[in-house]
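What follows draws every value from the coordinates through simple rules; no lab data is involved. Worth saying up front: this structure is predicted, and the values here are computed from it rather than measured. No Cβ is skipped: glycine too gets one built from the backbone with ideal geometry, and neighbour counts run over all protein chains shown.
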DNA sequence: ACCCAGGCGATTG
DNA sequence: CAATCGCATGGG
């Protein structure tokens, strides 16, 4: 049995949505994408105006869960028209029309983006795959093995050396620390969705009792969590690709001196941007693109990245 | 051998 | 405070 969504007049592109680096556990084989949503094993394919989903196990809520996960409730056409403000974003929207922001599990998102610092996407995928193989539960479906994403209490009890063996290196200690935090307060992340962007972000990057609540979570990682799992469409993560986009196409939004300093850092590879520079880069972009800045970020990110890598 | 990859935390100045 | 500097790991 399978579920279908009618995509007529709804921009949606499965390849861009699953392949743009917001989720790391999906893989494509021929026309199907394979993945796990919650505890449900899923394969998905797109046939022009339909999204076809086969899943195991199924229940009555499955269709609603999938609709939510893929962001099908959002009026993407309207959102894209709101951020379509210049030639560069216009080209990105034309090329990647149908890219949607997924509403993924905040816990998985938190761990995934702690892994995502100072590395590349294929390595992130490998780290997370290793974590799931070692600490998740095996699920068999159609004679293939899948693994659930491990729970906070399982990772909290893990040995740091074992997590390092998953290829996480210096990130392993952050995983243990954050897992303990969530294991002792399981609803902490979900509660952040009730707060506005700034309050939620302060909780993610802030301190309590003098030390950081979420080690390994800085501004960039926090913005990814807010955008990809906590429904904060105003979040605009600043990464190296977006900085390149800004330098090339949005430098007029900044002081000349500021931009040249950013250029210097990026081109010479001498040091990363400071938190102040991060915040200013972000502030101007959000002023420019508005409440759906996060969508603009994703379109620009993919556009710039694929221009360079292809 | 060296550099880079969707930064962060600890340590300095 | 703000700026600088290791950091684990894998691939090119």
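With N as its number of residues, chain A has a Cα radius of gyration that, divided by 2.2 N^0.38 Å, comes to 1.00. Taking 4 °C and 1.567 mPa s as conditions, the stretch A:160-202 diffuses translationally at an estimated 109 µm²/s according to Stokes-Einstein applied to its Kirkwood radius (Cα pairs).
Computed over the alpha-carbon atoms, the stretch A:106-229 gives an Rg to Rh ratio of 0.97, Rh here being the Kirkwood radius from the mean inverse distance. Extension gain for the segment residue A:142 to residue A:118, taken as residue separation times 0.36 nm less the Cα-Cα distance, is 5.0 nm to one decimal. Each stretch of four or more DSSP H residues adds -39500 (n - 2.57); spread over every residue of chain A, this sum gives -15000 deg cm²/dmol at 222 nm.
Panel values: the stretch A:2-73, Kirkwood radius from alpha carbon pairs, Stokes-Einstein at 20 °C and 1.002 mPa s, translational diffusion coefficient 173 µm²/s.
Pairs of Cα atoms in the stretch A:240-309 fall into 10 Å distance bins, from 0 up to the last occupied one, in shares of 19, 54, 26, 1 percent. Ordering of A:206-213, A:101-108, A:164-171, A:142-149 by packing is A:101-108, A:164-171, A:142-149, A:206-213, highest average first (other Cβ atoms within 10 Å, averaged per residue).
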